Amino acid sequence: MGTPDAGRQPKYQRIADALREAIQSGEYGPGDRLPGENDLMATYEVARMTARQALGVLQNEGVAESRKGAGVFVRSFRPLRRRGIQRLARSQWGEGRSVWETDTEDRALVVDQLKVTEEEPPERIAEVLGIEAGQRACVRSRRFVLDDKPILLAKSYLSSDLVAGSAITQEDTGPGGIYARLGELGYKPVHFREEIRSRMPSADEAQRLGLSMGTPVILIVRTAFADEGRAVEVNEMTLDSASYILEYDFDA
């Protein structure tokens, strides 16, 4: 099948394509202000709504971002490359390093919101962890910020009976994080499973991640297994899709 006639594209899409090409060619660099609605209306002889839609396309793609009262700018944030396999290697957390260090390289990743609670987990979590009805889980909720931008919400569930009295129940879990502490308890992770899907964010997720309207989130549910297939942690993560590149590098 051939490529659809560009003339049949909506006007706003053709304008967005032209702006995207200008960004890719270097005419507009990271942090540069893009032509505003009035400029686009005059240049392309279109209505304001069409100009607004064109800029909205680039914002939804994560190429541009709106700054209240200032205009729309080429996004300067460098996406984080999440190395899905290397980051979970035992040589990483087993030697006291955070699994996040593989992703961030020389950039500072900060947890600016952290809450550790004990509560009854959702049924789907309880079933995976083997927690019986009425029993509680240790729940660690975090928000991660990179280059002053919120990029990830994470919520880890672990059986309270399993981690009682350990540093996992404290805000600071120590070198190597949760997985190193599980190892000290005799439940070191030997296998991981990640399930990935995407959807539009809830109002709370959009607010906490500072997402532009129309930006989807990536959902990653990771389960850590100890010996004999025992699930010891379920981590539900919500990622700003425009802030991440998911990389999976493995041998044939």
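Summary table
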read-out: Per residue, in Å², the accessible surface of the chain once ligands and nucleic acids are set aside, probe 1.4 Å; value: 55
read-out: The chain - mean residue ellipticity at 222 nm from DSSP helices (-39,500 (n - 2.57) per run, n ≥ 4, rounded to 500); value: -7000 deg cm²/dmol
read-out: Candidates THR169, THR43, THR215: whichever shows maximal mean-square fluctuation once the chain is modelled as a Gaussian network with Cα springs under 10 Å; value: THR43
read-out: Assigned charges on the beta-carbon of Lys, Arg, Asp, Glu; the chain dipole about Cα centre (debye); value: 540
read-out: Candidates SER202, SER241, SER141, ranked by Gaussian network fluctuation over the chain, Cα under 10 Å, top entry; value: SER202
read-out: For the chain, alpha-carbon Rg relative to the globular expectation (2.2 N^0.38 Å, N residues); value: 1.23
read-out: Accessible-area value, VAL221, 1.4 Å probe, nucleic acids and ligands omitted, Å²; value: 40
read-out: Sequence of LYS188, LYS115 from largest to smallest accessible area, 1.4 Å probe; value: LYS115, LYS188
read-out: Solvent-accessible area, 1.4 Å probe, carbon plus sulfur percent, for the chain; value: 47
read-out: Global geometry of the range 169-231, whether rounded, prolate or oblate, following the gyration tensor of its Cα atoms and the 1.5 cut on a/c; value: oblate
read-out: Highest-MSF residue in the chain out of GLY165, GLY69, GLY134 [GNM, Cα springs under 10 Å]; value: GLY69
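The values are calculated or read from the model by the stated rules, or taken from the named source; none is laboratory data. Computed from a predicted structure; not experimentally measured. Ideal geometry is used to build each Cβ from the backbone, glycine not excepted, and the neighbour counts take in all protein chains shown. Heads up: the accessible areas ignore ligands, DNA and RNA and are worked out on the full protein's heavy atoms, side chains in. Shrake-Rupley method; radii C 1.70, N 1.55, O 1.52, S 1.80 Å.
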